[in-house]
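Novice: First the structure, which I've put down as structure tokens, then a few questions once you've had a look.
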Amino acid sequence: MTTETAARTEAPRVRSWPTTLGLLSGPLLWLAFFFLLPVVIVGAYSVGGLSLFPTDAGLSLFDWRRFLTGESIYMGLFWKSVRMSLTVSVVVVILAYPIGYFLALGTKRRKYVLLLVIIAPFLTSYLLRVLAWKVILGDAGLVNSFMFWSGVRSPDDPISWLIYSRFTVMLVLAYVWIPFVALPIFVTLENLDRSLLEAASDLGASRWRTFWRVTLPLSLSGVLAAFVFVFIPTIGEFVTPLLVGGIRGYMYGNAISDLFTQGLDWQTGSVLSLFLLTVVAILTALFGRFLQVRKVVTD
């Protein structure tokens, strides 16, 4: 047996556990210190295990019981945020799917140039892009100014629901998330086996029938991933409602922020934060499990 053959048949070296632990210690310490420890602190504060202010009630489950039984306004606010997030997620996926489809299957030339154009707005500040909508939708904004100029509305009677409302929050969130959501859909369709589409065409299926029977079912994993990509972050959204939502667009994340920064009721804020974290973790696990099962079935 030659030296080359012996080297080839030599068993792979197994890294010793001290080396492995040393390589993982940095990320694990970072995760423990900046994620697990804050969660533990919030959890302890939610039941009164920690107290920083004289008004803290001490060790008690009162805030949890009041929240879960609906005695406070926050459970209703949570479901309001869920409805808004669901609406935004569905609308965004519906609008982003044609974009991803066109980029992946509708054009071959300049595909990545168009992709760059789609994500170009994210080269600017998020706050600037959100505040720009106040200029467009405000009482003296572009839309109302056009209405005044065309005589459709009186200058004394602007369209008030265009700004500081649920509609405004959902519109701006949809604008923000559509380019992001188009990316996973684009990747899924880009990796689609083109021979399946050609086979459907050879069997006499129209383009519309091919889309419904072949393209859409095979891209559902990307669609679901895109839906989760929008739904989970927007449940706890608070920056956009703060800027363009007003009282009518107030969301669950705004309540958490206000409890910590203005109301100084950290115990209730901790309850709301931990509840949201638990819901997001459960949804992430369920969606991840569904995607794994779907992948096994399709394979």
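Novice: Starting from residues that are in contact with a Ser or Thr (Cβ under 8 Å, 6 or more places away or on another chain) and not acidic (Asp, Glu), keep the ones in segment 52-74 and report whichever is nearest to Ala255 (Cα to Cα). I'd like the intermediate steps shown before the answer.
Specialist: We begin by selecting, within segment 52-74, every residue in contact with a Ser or Thr (Cβ under 8 Å, 6 or more places away or on another chain); these are 58, 63-64, 66-67, 72, 74.
Among the residues that remain, those that are also not acidic (Asp, Glu) are: 58, 64, 66-67, 72, 74.
Details: Gly58: 22, Trp64: 16, Arg66: 15, Phe67: 13, Ser72: 12, Tyr74: 8 Å.
Top of the filtered list is Tyr74.
Novice: Also, quick follow-up: So in segment 141-161, with the set limited to residues that are surrounded by fewer than 11 Cβ atoms within 10 Å (Cβ to Cβ) and of a type in the set (A, V, I, L, M, F, W, C), which one is nearest to Pro121 (Cα to Cα)?
Specialist: Going through the qualifying residues, I end up with Trp149.
Novice: Please name all residue pairs, on different chains or six or more residues apart, with Cβ atoms under 7 Å, provided the first residue is in segment 42-70 and is free of Cβ contacts under 8 Å to residues at least 24 places away in the same chain and the second residue is part of a loop (DSSP other than H, G, I, E, B) and open to solvent by 90 Å² or more (accessible area, probe 1.4 Å).
Specialist: Going by the 7 Å Cβ cut-off, the qualifying pairs are Val47/Leu59; Val47/Leu61; Gly49/Leu59.
Novice: Sticking with this structure for a sec: Kindly state which helices (runs of 4 or more DSSP H) lie completely within segment 57-139 and contain at least 2 residues that are at pLDDT 90 or above.
Specialist: Details: elements: 62-68, 74-101, 111-119, 126-137.
Helices (runs of 4 or more DSSP H) meeting the threshold: 62-68, 74-101, 126-137.
Novice: Oh, and also: In segment 167-196, which residues are touching a residue at least 60 places away in the same chain (Cβ under 8 Å) and among the small types (Gly, Ala, Ser)?
Specialist: Ala174, Ala182
The values are calculated or read from the model by the stated rules, or taken from the named source; none is laboratory data. Treat the numbers as computed from the prediction; the structure is a model and nothing was measured. We place every Cβ from the backbone using ideal geometry, glycine too, and count neighbours over all the protein chains shown. With ligands, DNA and RNA removed, areas are computed over all heavy atoms of the protein, side chains included. Shrake-Rupley method; radii C 1.70, N 1.55, O 1.52, S 1.80 Å.
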